[in-house]
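First comes the structure, then the notes that go with it.
Each reported figure results from applying straightforward, stated rules to the coordinates on display, with no laboratory input. The structure displayed is predicted, hence computed values, not measured ones. Here Cβ is always computed from backbone atoms with ideal geometry, including for glycine, and neighbour counts include all displayed protein chains.
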Amino acid sequence: MAPIESTTILALAPMASVQSVGEGAVVLLADSGQLFTCNETTEAFLLKLDGARSFAEVIDLLGAEFDADSETLAADFGSLALQLLDERVIQRTG
């Protein structure tokens, strides 16, 4: 699978929905019925994937929200994005 670049644009997959629950969220894949739980940082990441923002823009937003450095966030969320792509929770749009 191709790596996540700063210019990569991601969005929730069409069959994925995110529902906030307390300090995190659940993600449902409607086509398979799979249910995932995630913490609040993953929820924030997913909610920023609008199909228009680049990965770098999403990381900048998360950095401001969680007061964390962009380099660490890019590495962590780049890895997470690859896992979510593999699980069909998100998709590349550009």
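What about LEU47, is it assigned to a helix (DSSP H, G or I) and out of contact with any helix residue (DSSP H, G or I) (no Cβ under 6 Å at 6 or more places or on another chain)?
Yes, satisfied.
Conditions (1) farther than 15 Å from GLN91 by Cβ; (2) touching a residue at least 40 places away in the same chain (Cβ under 8 Å); (3) under 14 Å from the mean Cα position of the chain (by Cα), marked per residue:
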| position | (1), (2), (3) |
| --- | --- |
| THR8 | no, yes, yes |
| ALA11 | no, yes, yes |
| GLY22 | yes, no, no |
| VAL26 | yes, no, yes |
| ASN39 | yes, no, yes |
| ASP60 | yes, no, yes |
| GLU71 | yes, no, no |
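State all residues of segment 39-50 that are touching a strand residue (DSSP E or B) at 6+ places or on another chain (Cβ under 8 Å) and buried (at least 18 other Cβ atoms within 10 Å of the Cβ); if no residue qualifies, say none.
THR42, GLU43, LEU46, LEU49
For segment 1-25, give me each residue that is in a strand (DSSP E or B) and closer than 30 Å to GLU71 by Cβ.
If the condition is that a residue be in a strand (DSSP E or B) and closer than 30 Å to GLU71 by Cβ, then ILE9, LEU10, ALA11, LEU12, ALA16, VAL18, SER20, GLY24, ALA25 are the ones that fit.
Within segment 28-38, which residues are polar (S, T, N, Q) and surrounded by 11 or more Cβ atoms within 10 Å (Cβ to Cβ)?
Passing the criteria: GLN34, THR37.
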